[in-house]
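Data block below; observations after.
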Amino acid sequence: MAKNQTLEEKRKHISSGGAEKYHAKNAEKGKMFVRERLQLLFDDDMNIEDAFFANNQDDKLPADGVVTGIGKINGEQVCVMANDSTVKAGSWGARTVEKIIRIQETAMKLHLPMLYLVDSAGARITDQVDMFPNRRGAGRIFHNQIKLSGRVPQVCLLFGPSAAGGAYIPAFCDIVVMVDGNASMYLGSPRMAEKVIGEKVSLEEMGGAKMHCSVSGCGDVLAKDEKEAILFARKYMSYFPANYRKAPAQKESIDPVTFEKSIEELIPENQNAPFDMYQLIDRIIDEDSFCEIKKKFAPELITGLSRIDGRVIGIIANQPRAKGGVLFPDSADKSAKFIQLCDAFNIPLLFLVDIPGFMIGTKVERAGIIRHGAKMLSAMSEATVPKISVIVRKAYGAGLYAMAGPAFEPDACIALPTAQIAVMGPEAAVNAVYANKIAELPEEERPAFIKEKHEEYKENIDIYRLASELVIDDIIQPDRLREELSIRYEAYQNKDVTFTERKHGVYPV
């Protein structure tokens with residue numbers, strides 16, 4: 001930077017980022033300049049920018065490739081770090097790392113949410129001694145993220161690459177929004193994979209946005225472009241308090257969308273017939289208030305933030321239209337992370353239950369379904385926010401446990417009139433108990449015998465009998481469900497419990 005420049009000229013040079021050719025290259029890919037992203041993210045201009053003059057002695061490293069500071073989203077202050085990919089592809093030098101560490105420390109001191117706008121090629125190998133192994137090196141960024149986890153919301157918007165060790169920034173965030181076509185994260189690049197293990201693979205296959213949002217589960221939301229990603233972040237932040245000591249803000253209640261079919265008409269009597277759980281959700285939440293997380297990953301389980309009568313509620317719901325709503329290792333992990341997120345920031349939980357149980361078979365046993373399921377149960381059991389489980393249609397086997405069944409101290413377990421709770425469904429139960437007897441009967445007598453045993457079994461698990469035995473707290477007419485939930489969440493809002501006394505659990509990870 002020329003010594004004879006005025007302060008304003010120096011500021012203009014730094015705020016312009018890297019060379020024009022890099023701006024043009026980004027524009028071809030549909031990528032905004034970092035300061036344009038921040039302008040769209042914040043209500044107004046960034047209030048405070050720290051270390052603006054970092055590395056200003058090097059003309060080619062304005063702000064050392066990262067913008068850090070404080071701005072407002074929905075009227076609330078947040079801290080942010082944002083890579084500038086026009087400066088050495090957003091790579092990290094020693095001062096880049098120090099800037100990121102300092103804004104994290106600011107977030108800790110002020111108890112403010114931390115947002116990471118990531119678009120970085122990773123560490124500058126030429127600077128590795130100064131920024132990689134030392135006590136305030138890159139590792140401290142992840143150490144700080146782990147400290148911040150559960151204290152303040154941490155959001156990652158991934159606009160470009162997040163390579164090698166830098167991939168752990170999104171990994172330690174509460175939510176990762178990836179821009180389709182540009183965002184990627186990987187520990188080893190395709191070129192490295194080919195060199196080291198002989199695998200030829202494309203960047204999209206290795207660590208692209210679609211893959212991570214649908215296969216690995218490392219991505220939570222797939223955005224079509226940068227504007228959609230940023231607007232999602234603004235919406236997402238509206239459901240959260242600034243930190244774990246506060247509760248989410250309650251808004252004015254908005255009636256649900258009106259549909260031709262009532263809830264009662266929506267839910268099939270046949271326990272095995274599929275129906276769309278999204279349609280039930282839309283009938284009980286405030287209009288246009290659903291903010292879904294991990295929609296493309298493990299779709300047999302729905303997770304998302306919503307509002308009921310203006311109050312923020314986290315929803316975990318089985319989806320009968322995807323694999324029958326059976327839980328798999330991925331859906332168990334999806335649930336565990338979402339429950340922990342809501343519990344950390346005082347967001348009550350609603351479990352909408354229509355579950356045949358956990359998947360069985362060699363493939364899922366080898367994939368560790370037992371430990372993944374145990375992880376889900378642990379998260380659900382430990383959550384101390386208000387919890388309500390609604391048996392929409394069926395809760396069979398360990399599925400009842402995973403979805404906040406009565407043994408796990410939900411504040412209420414309520415059911416719709418046609419609901420069933422059992423170790424297994426009537427068909428499976430009759431087959432398990434009477435398989436030999438059925439085989440011995442003449443073929444023409446079998447249907448009548450099976451039907452008789454089905455009816456006996458249904459009487460045994462009748463929802464009114466379970467209510468009589470205090471297994472469930474109430475049976476609700478379907479079209480009263482929203483009203484019932486609203487009343488109960490208001491009653492439970494001052495819940496104050498400690499799960500247990502200990503240092504921490506030993507988790508089945």
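The values are calculated or read from the model by the stated rules, or taken from the named source; none is laboratory data. As the structure is a computational prediction, the values presented were derived from the model and not from experiment. Cβ coordinates were reconstructed from backbone atoms using ideal geometry, including for glycine residues, and neighbour counts include every protein chain displayed. With ligands, DNA and RNA removed, areas are computed over all heavy atoms of the protein, side chains included. Shrake-Rupley method; radii C 1.70, N 1.55, O 1.52, S 1.80 Å.
Taking the Cα of Ala435, stepping 7 Å toward and past its beta carbon, and measuring to each backbone N in the range 339-368: which are under 16 Å?
Output list for this probe position: 360-362.
Strictly under 4.7 angstrom between C-beta atoms: which cysteines of the chain have no such partner?
Those would be Cys79, Cys213, Cys218, Cys291, Cys342, Cys413, since no other cysteine Cβ in the chain comes under 4.7 Å of theirs.
Just need log10 I(q)/I(0) for the chain at q = 0.06, 0.10, 0.11, 0.14 Å⁻¹, Debye formula, equal scatterers on the alpha-carbon atoms, no solvent, rounded to two decimals.
Here the Debye-derived log intensity ratios amount to -0.34, -0.83, -0.96, -1.37.
For Gln420, what is the net charge nearby, where nearby means another residue's Cβ is under 9 Å from its Cβ and Lys, Arg count +1, Asp, Glu -1?
Values: positive: Arg393, Lys394, Lys458; negative: Asp462.
Result for the neighbourhood of Gln420: +2.
Take the alpha carbon atoms of the range 172-248, find their radius of gyration, then divide it by 2.2 N^0.38 Å using N residues; give the quotient. The partial results should precede the final answer.
Numbers: Rg = 15.7 Å, N = 77, 2.2 N^0.38 = 11.5 Å.
The value comes to 1.37.
With the Cα gyration tensor of the range 270-378 giving a ≥ b ≥ c as the square roots of its eigenvalues, does the rule (a/c under 1.5 for rounded; else a/b larger than b/c for prolate; else oblate) give rounded, prolate or oblate?
Numbers: a/c = 2.48, a/b = 1.39, b/c = 1.79.
Judged from the Cα gyration tensor, the range 270-378 comes out oblate (a/c at least 1.5, b/c at or above a/b).
Relative to the present Cα-Cα distance, how much length would full extension add between Lys25 and Glu287 at 0.36 nm per residue of separation?
Values: separation 262, 0.36 × 262 = 94.32 nm, distance 4.09 nm.
Gain in length upon complete extension: 90.2 nm.
Between Lys227 and Ser253, how many nm apart are label points set 7 Å from Cα along the C-beta direction?
3.6
Taking only Cα atoms, what is the 0 to 90° angle, nearest 10, from helix 329-344's long axis to the longest principal axis of the chain?
That works out to roughly 70 degrees.
Please state the shape class of the range 372-441: rounded when a/c is under 1.5, otherwise prolate if a/b exceeds b/c and oblate if not, all from the C-alpha gyration tensor.
oblate
Quote the charge dipole size of the range 352-475 about the Cα centre in Debye, to the nearest 20; the model charges only the Cβ of Lys and Arg (+1) and of Asp and Glu (-1). Provide the component values of the computation, followed by the final result.
Values: 13 positive and 18 negative charges, 126 e Å.
Dipole magnitude for the range 352-475 comes out near 600 debye.
Roughly speaking, to the nearest percent, how much of the chain's 1.4 Å accessible area is carbon and sulfur? Numbers along the way, then the final one.
Details: 12380 of 24450 Å².
Carbon plus sulfur share of accessible area: 51 percent.
Taking the Cα centre of the range 55-166 as origin, work out the dipole magnitude from +1 charges on Lys and Arg Cβ and -1 charges on Asp and Glu Cβ, in debye rounded to 20.
Working: 13 positive and 10 negative charges, 80 e Å.
Charge dipole of the range 55-166: 380 debye, to the nearest 20.
At a threshold of 8 angstrom on Cα-Cα distance, excluding pairs fewer than six apart, so keeping six or more, what relative contact order does the chain reach in percent? Spell out each step's value before the answer.
Details: 1000 pairs, mean separation 43.1, N = 509.
Relative contact order for the chain comes out at 8 percent.
Report the charge-dipole magnitude of the range 169-257 in Debye, nearest 20, computed about the Cα centre from +1 at each Lys and Arg Cβ and -1 at each Asp and Glu Cβ. Don't skip to the answer; put the middle values down first.
On the way: 11 positive and 12 negative charges, 61 e Å.
That gives the range 169-257 a dipole magnitude of about 300 debye.
Sort the range 400-458 into rounded, prolate or oblate with this rule: let a ≥ b ≥ c be the square roots of the eigenvalues of the Cα gyration tensor; rounded if a/c is under 1.5, and if a/c is not under 1.5, prolate when a/b is larger than b/c, oblate otherwise.
Values: a/c = 5.61, a/b = 2.70, b/c = 2.08.
Prolate, since a/c reaches 1.5 and a/b exceeds b/c.
Determine, from the Cβ-Cβ distance of Asp479 and Thr6 and an R0 of 60 Å, the FRET efficiency 1/(1 + (r/R0)^6), rounded to the nearest 0.05.
Numbers: r = 69 Å, r/R0 = 1.16.
So, using R0 = 60 Å, E works out to roughly 0.30.
Counting helices only, and only those DSSP H runs with n ≥ 4, report the 222 nm mean residue ellipticity of the chain as the sum of -39,500 (n - 2.57) divided by its residues, in deg cm²/dmol to the nearest 500. Mind showing how you got there, number by number?
Working: 20 runs with 187 residues, N = 509.
That comes out to -10500 deg cm²/dmol.
Expressed in whole Å with the largest first, what are the equivalent ellipsoid semi-axes of the range 428-495 derived from the C-alpha gyration tensor as the square root of 5 times each eigenvalue?
On the way: eigenvalues 341, 29, 17 Å².
Working from the Cα gyration tensor, I get semi-axes of 41, 12, 9 Å.
Using a 1.4 Å probe, what is the accessible area per residue for the chain, in Å²?
Values: 24450 Å² over 509 residues.
Result: 48 Å² per residue.
Hey, can you rank 387-394, 7-14, 225-232 by average C-beta count inside 10 Å, highest first? Could you put the intermediate results ahead of the total?
Numbers: 387-394: 25.9, 7-14: 12.9, 225-232: 18.6.
Result, highest mean first: 387-394, 225-232, 7-14.
Taking 8 Å as the Cα distance limit and 6 or more residues as the minimum spacing, I'd like the relative contact order of the range 155-267 as a percentage.
Numbers: 147 pairs, mean separation 25.3, N = 113.
For the range 155-267, the relative contact order is 22 percent.
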